1. Can you confirm whether segment 277-285 contains a residue that is more than 20 Å from Glu326 (Cα to Cα), in contact with a helix residue (DSSP H, G or I) (Cβ under 8 Å, 6 or more places away or on another chain), in a helix (DSSP H, G or I) and open to solvent by 10 Å² or more (accessible area, probe 1.4 Å)?
2. Find all pairs meeting these conditions: Cβ atoms under 6 angstrom apart; at least six residues apart or on different chains; first residue within segment 319-340 and at negative phi; second residue open to solvent by 20 Å² or more (accessible area, probe 1.4 Å) and in a loop (DSSP other than H, G, I, E, B).
3. Within segment 139-149, is even one residue within 11 Å of the ligand (Cβ to nearest atom) and out of contact with any Lys or Arg (no Cβ under 6 Å at 6 or more places or on another chain)?
4. Test each condition in (1) without any contact (Cβ under 8 Å) to a residue 24 or more places away in the chain; (2) within 14 Å of the ligand (Cβ to nearest atom); (3) aliphatic (A, V, I, L, M) for Ala185 and report the one that comes out false.
5. Every residue in segment 398-425 that is closer than 13 Å to Ile309 by Cβ and touching a strand residue (DSSP E or B) at 6+ places or on another chain (Cβ under 7 Å), please.
6. Would you confirm whether any residue within segment 103-111 is more than 16 Å from the ligand (Cβ to nearest atom) and aliphatic (A, V, I, L, M)?
7. Please go through segment 361-397 and give me each residue that is farther than 20 Å from Gly330 by Cβ and either out of contact with any strand residue (DSSP E or B) (no Cβ under 7 Å at 6 or more places or on another chain) or surrounded by fewer than 19 Cβ atoms within 10 Å (Cβ to Cβ) (or both), ordered by number.
8. Looking at segment 295-315, which of its residues are part of a helix (DSSP H, G or I) and either more than 16 Å from the ligand (Cβ to nearest atom) or among the aromatic types (Phe, Trp, Tyr) (or both)?
Amino acid sequence: MFKTNHIEEDHMTKDYKQMWNNLDINLEAHDGLLAVLSDAYQNIYLSQNNRPEGMKYFDFVISEVHGLRIEEILEAKKERKKIIGTFCVYVPEELILSLDGVCIGLCAGAEVGSDEAEKFVPRNTCALIKAFMGFKLAGLCPYIQTTDLIVGETTCDGKKKAYEIFDEITGGKMYVMEIPNKKGADGRTLWRNEVKRFAEKLEALAGKKITLKKLNGASKIVNERREALHRLSLLRSFDPSPISGLDALLINQVSFYDDPVRFTAKVSELCDELDERVKEGSGVSEKGSPRILVSGSPMAVPNWKLHAIIEGSGATVVGEESCVGERNFGAILDDGFSSVEEGIEKIAARYMNIHCACFTPNDERLSDIMEMAKRLKTDGIIHYAIQFCTPYMVEAFKAKKTLDNKGIPFLRIETDYSMEDMGQLKTRVEAFLEMTGKGVRS
Ligand code: BJ8
């Protein structure tokens, strides 16, 4: 389907038209989307130098993102497994897996379908919201079509209001978890009750109860994936980094779609390879190249724009303080529980440890940025906010003040999914790299 160089040698591309047709996909528009993605992938990903061999698996997953993976999900459906779509890292995946469900991230990172979305939401809505609505309205997302339940959350205002409309568009598939605005005692109680209510909702949907054994097993699967991603993150602290930021971003994006057990095994294999690279001192850039931490709004597939600009200017992105990144895997669940109730308590506590800008106050996020900047030996921080993403756009001011006080170079960028500002962003990023004292390398 979605073509990439070496993948085609190993894999006979299949024709999925019948499957997409059955899922009510707009075949013509979908073909157009795949063609654009294929070109972007060639230009951005396959043109990189010295990529690890282990990236072939992730290239393959991306090449089959609307093909084989959808087939697998449809197989799971035949086995009566429930398919749960999500938009936020606050949704506890352990509960879904403990009932044999499949959890799929539905955020989208491309502009397609935005015109359709703007018939329902204002133009000045963030691109992420317009994209998930647009993908559905334009008949472009087979994942949404396979879902039995779509879980939203009361994080930012844009999302929580868009979910009301999305519920109508998807024929009543939405279920919304209430996320508190503050992390005090009341907020934690509210959240614990929400997690319990979600567990009950899933049990009703699956027609069975969560057992301790299943919850333990599911917690182990999700924790192991977190640990593998954390290992990958630690490897990026070496100079030169053994892997590009683009590739690491892709892996984090794939973590929201792929089978979690297989994904963990592949990340671990890749990390073994990266260990060897570190021992040899080999990496994706020259030793001493500028090292950048990206922090802010999440980047869903195929939003590779900022990383492509930064790395195209000779710097390496060494970390993402983002939900498609460290915020997703940073906190490990304390899985030492001996009853389902205790497990649910610990799950609720673990998820409250994510520091999204939707919370107030949210000083923990500033500490996370500082910790990552130090651990990853970064020369500068680029704060990324999707245009009209008020929580991150506003929090950028506080982040800047904190980092200015520490003398860490900081650049604030607001952009959407369009390619129109590429030139302007490149100029700003290059000027920033000069300011870090490391300059631009090409
Ligand atoms: S925990 S970051 S995944 S809410 S970009 S839709 S915030 S206006 S995605 Fe998020 Fe959960 Fe927070 Fe993470 Fe709103 Fe901003 Fe758009 Fe956003």
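The values are calculated or read from the model by the stated rules, or taken from the named source; none is laboratory data. Predicted model, so just to flag it, every value in this text is computed and none were measured. FYI the Cβ positions are ideal-geometry reconstructions off the backbone, even for glycines, and counts take in every protein chain you see. With ligands, DNA and RNA removed, areas are computed over all heavy atoms of the protein, side chains included. Shrake-Rupley method; radii C 1.70, N 1.55, O 1.52, S 1.80 Å.
1. Scanning segment 277-285 turns up at least one residue that is more than 20 Å from Glu326 (Cα to Cα), in contact with a helix residue (DSSP H, G or I) (Cβ under 8 Å, 6 or more places away or on another chain), in a helix (DSSP H, G or I) and open to solvent by 10 Å² or more (accessible area, probe 1.4 Å).
2. Ser322/Pro298; Cys323/Pro298; Val324/Pro298; Ala331/Asn353
3. Step one: of segment 139-149, the residues within 11 Å of the ligand (Cβ to nearest atom) are none.
No, every residue in segment 139-149 fails to be within 11 Å of the ligand (Cβ to nearest atom) and out of contact with any Lys or Arg (no Cβ under 6 Å at 6 or more places or on another chain).
4. The one condition Ala185 does not meet is (2).
5. Across segment 398-425, the qualifying residues are Leu411, Ile413, Asp421, Leu425.
6. Here is the first cut: in segment 103-111, the residues more than 16 Å from the ligand (Cβ to nearest atom) are none.
No: segment 103-111 contains no residue that is more than 16 Å from the ligand (Cβ to nearest atom) and aliphatic (A, V, I, L, M).
7. Within segment 361-397, Ile386, Gln387, Phe388, Cys389, Thr390, Val394, Phe397 qualify.
8. Quick first cut of segment 295-315, residues part of a helix (DSSP H, G or I) only: 305-312.
Selection gives His307, Ala308, Ile309, Ile310, Glu311, Gly312.
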